[in-house]
Each structure stands twice: as structure tokens, then as C-alpha cells.
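Some notes on the structure that comes next.
The values are calculated or read from the model by the stated rules, or taken from the named source; none is laboratory data. Since we're looking at a predicted model, the values are computed, not measured. In this analysis, Cβ positions are derived from the backbone assuming ideal geometry, glycine residues included, and neighbour counts consider all displayed protein chains. Accessible surface is based on the protein model in full, side chains and every heavy atom, while ligands, DNA and RNA are left aside. Shrake-Rupley method; radii C 1.70, N 1.55, O 1.52, S 1.80 Å.
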Amino acid sequence: MDTEKKRAKSAISILFTLAAALVGMLFSPLATQAAEITETQVFEWWDDGTIGAEEANEMLTLIDEGKTQEVCALAEIYANEPCGTEEQAVFADDEHTDKTAGKKHAGNKTAGNQTAGKSRVKKPSRHYSGHLAAKVRYDSAGHVTAHREELLFNFHRATLRLGTQELLTYKDKRGEAHFGQISTRELKSAIPLDTLWGTALAYSFGALGLAGLIDTSGTLRAHASYNRGKVFTAGASLWKTANTYSVMAQAAFPFGQVAYWQQFGERTPLIHFRLHGRDSSAFSWRTTGYIHGDSLPPPARLSPSIAKRRFWTTQNITYRAKKFFDTRVSASARILSPLHSDSVSGRLALDISGGPPALRIGAKFTCVEASENCRQTIFQGTAGTTREFSTLSAMLSGSARTQHDRTEKSWSRPRIEIGASVSEKKSGGREDMFKVTLVAPDASPRENLQIRSETRLTCDFLEFSLIATFKKNDGAKIRPAHAQISSKILF
């Protein structure tokens, strides 16, 4: 018991130290430079054991639905990886987010960090434009584990989605209306919501706005907001479901957003915060977290990993020296506390990378559990080179990762990874790409071997992508592990 108390106190002290440091930097001129989490990254974490199949499928589903903020939250808690486009996500509406998504991926130099089958939304003509898209995921037996279809029409002021999500949206300068399957994006909620079948209306009177929702199950929402562009936005909602009432308030400002949701009759509210720094080319920092009790106010929908913890938070601080070989030093922390326990779990990581494109190297050190005085530490080294040939770009990378147990004085067998990719930039921001990665999880390709591949082809009217992983275990033949096929016809 004494040992457990000491561990808890040690972790709590780490929590307060990090919190104090972040509060001290809150008004510093800092900024966030993290990137969005993509399908390729999720598959990589799945293959190397960072996340499990259930967690990977949850994140992939959210990517399919375009819920980037929820994907970022799960990436931080599952993989301890910072991400996000905070300022745009806080102030952008659904239409703006869709338009900017393709630009972000097109500008990413790392071929593996681009979303397969990304959406490229054309500006509506006098008549209409849109796409027909399909995405299918398979398991090792060739069975379909998930699929998504979408037929999208963009009219002058209306958008019609048919398929997995059925939604008709109308927008003009003052208001908007949604009919069909309504969720987080349509209601611009800082806290993830269940999908609701109903009607949502919103209308603005200058800086003031009013909105309402009625669902087929009897869920009602009345909302009022105040908006001053990218300076400040605040809103309050009254929710009524079949058996409960709750009130939600949220505010967004240039360095983050905060949401508070209180269910009547419950002592502990649901609180979500996401803070980040201001514009700067050298420093960036961000912190994200959730606090809640046993009962969540409906229709709030949190990931199971977040819902079963009364408190979790992640922090990231990055320093970037562009003039010194674009060197980056990043420190991150993840702190969790279960619902029905006083224990606190913490993970710390330090990531350093730098060098010219011809040879960029990096090192990462991860303390698996801070409450155990970092008994287990993960060491990872990376190296990569990139060459540009007119519109072509070629990249070769490699990494090795091992884990050390200080108590048992033992090292795990290193995980070795070698990857190569070739991409070609095309007009309209499009890019064709092929990437293959060989992975030896136990440093012996004869015993265990993984082959990951990604192919993406695009043209004026078609986009196609294939992500596949093949595995060989204990000397057996190579067999498929999982795959995803995406296609999109543009018109």
C-alpha cells in the first residue's frame, strides 16, 4: 500500500509541475505546428502494436466521418502523438474545414502522412458538382470489416449527401439548415455528439445567433451564440432528451477553446479544454484534456478510453530552429486517472530531429510509466533522405526501436523498419504516390516480417488509393493482414 501511495504522489507531483509550467506559458507568443492524423499513420500504429484493432477501427471511422478533432484526441491518448489544426478547427465551419483539408495534405512533404482518398471539393458551378466515393476495409480472411459510400452534390447554396450519411444542408450568409443525420460537425460542438436524426436550424443577427434542433427520438436543443470572427466566439445550449435536461456552454478564442456541460441532478460536469500558443516560428505548445464523472450528459459521445477515465490530459512543447538544419525538439506528456481509482498514470516523451533533406536524423525517448519512476524506456532512432527531381520526389527512410527494463536489466529485440516512396506532383494540387515499407518486428525478417504498401493515383475525374499490410510469422508464408481500398469519381 505504501508503495502504491508513493507512486500516486509521484505522478500527481508530475501533473502539477506540468500544469504550472503550462499556465506560466499561457500568454507567451507561441504557436502549434502539428499535422492532422491520417489513415496511413493509424495503420502504422496498428501494425507496430502501438494501438489495437478496436482503437484503430475507431480512429479510422472518425477519419471517414471527417471528425478531425476527435481523431486528434484519440491519437494523443492512444499513441501520445500531438496533432491538430487548432485555430482553424475552433473558428471554422463545416464548409471551410472541407475546403482546407486537401490543401493541408497536398503541402505535406512526407508521403506517409497523407490521407488516402482525401477529399477534393470543387467550387459549385451554376448547376452542381460533387463526387461518388466508396471505401472498403478488409481483414486477413478477405472479409469486409467496414465500408462507407457517399454520393455528394454541391448546388449553389445547398449540399446533398447520400449513402452512409444522409444529409441535406442549405447555407446562406445569415443562416443554415440541416435535415437528416446530424452530428458534431453540423452543430459545431466542441464535445463529440451522437448522430441524431432530425432538423437543425441556425440564423444570425449580426454578432448574435440563434439555433435549434429537434430529433425524431424527442431530443431538443436551444442554442444562443455571440460571434466576433476570429477574436471570440461563445455559445450556450439547453438540451432536453427523453429523461434528462442539461446545459452546455462553450467558448473559443485565438489560443484555444473550452466547453462545459452540466447534466441536471449530477454533481460532476463534463469539461473539455484545448489550448495552444499564438503565432511563432520557433516555439509551439498545446494542451488538451477531459474531466468528467460517472455519468455523461446525453447526447455526448466520448471514446471508451476517455469515458472510463475521470481525467486525462496531454501536453506538447516544441522548439524549432529553422536556420540550424530545421532542428526540432519536442517534449510531450500524457496523464490519466481512472474513474473509480485514485491512481494516476503518466507517460513522458522527448523527440529530437534535424538535418538537411539529404540526411535527416532523429531520436525519441519515451518513459512508458512515470509513476513507476520510468522503469521501462523506449528508445527509437530514425534516419531519412529526400531527393527532388522536377515534379518527382523520392524518399528513403529507416528506423530502429527497442525497449529497456531497468529493473530486470534487459533489452527487447529491436524493431527495424526500412521504407521507400516515390511521388509525382500534378496540376490542381494532385499527387500520385507509391510507398513500400519492410518491417522486422524482432530484428529477424526470417521469423517475423511485415510489408506495408500504399498506392495513390489521381486524375481530373478519378482518385484511387490502396493501403495494404502483409505479414509472415514464425517462418510461415506471407499472408494479407488487412487492406483498405478507396475510390472517388469527381464530377
- Task: In whole angstrom, note down how far apart the Cα centers of region 340-381 and region 175-235 are.
- Result: 40 Å
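Take peptides 143-154, 383-394, 461-472 and line them up by average Cβ neighbours within 10 Å, highest first, as a rough protection proxy.
Working: 143-154: 15.4, 383-394: 13.7, 461-472: 17.8.
The packing order, highest mean first, is 461-472, 143-154, 383-394.
Per the 1.4 Å probe, what fraction of the accessible area of region 343-445, in percent, lies on carbon and sulfur atoms? List each step's numbers first, then the result.
Details: 3410 of 5520 Å².
Whole-percent figure for carbon plus sulfur exposure: 62.
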- Item | Residues of region 370-491: accessible area per residue with a 1.4 Å probe, Å² | 55 Å²
- Query: If you roll a 1.4 Å probe over region 240-304 with all protein chains in place, what percent of the accessible area is carbon or sulfur?
  - Reply: 59 percent
- Query: How about region 408-441: which trypsin sites (Lys or Arg not before Pro) there are in a DSSP loop, with at most 11 other Cβ atoms within 10 Å of their Cβ?
  - Reply: LYS409
- Message: Take the residue pairs LYS435/LYS472; LYS425/LYS471; LYS426/LYS488; LYS435/LYS488; LYS67/LYS488 and return only those whose Cα atoms are more than 22 Å apart.
- Response: LYS425/LYS471
- Sorted by chain and then number, the residues having a modelled amide H within less than 5 Å of the amide H of LYS426, at least 5 places away or on another chain, are GLU431, ASP432
- Message: Can you compute 3J(HN,Hα) from phi for each residue in region 309-320, using the Karplus curve 6.51 cos²θ - 1.76 cosθ + 1.60 with θ = phi - 60°, rounded to whole Hz and x for Gly and Pro?
- Response: 10, 6, 8, 8, 8, 10, 10, 8, 10, 10, 10, 10
- For region 240-337: accessible area per residue (Å², 1.4 Å): 44 Å²
- Task: Please work out the Cα center distance from region 250-272 to region 440-476, rounded to the nearest Å.
- Result: 42 Å
- Expected vector for region 55-68, Karplus 3J(HN,Hα) from phi with 6.51, -1.76, 1.60 and θ = phi - 60°, integer Hz, x for Gly and Pro, equals 5, 4, 5, 5, 5, 5, 5, 5, 5, 4, 7, x, 8, 5
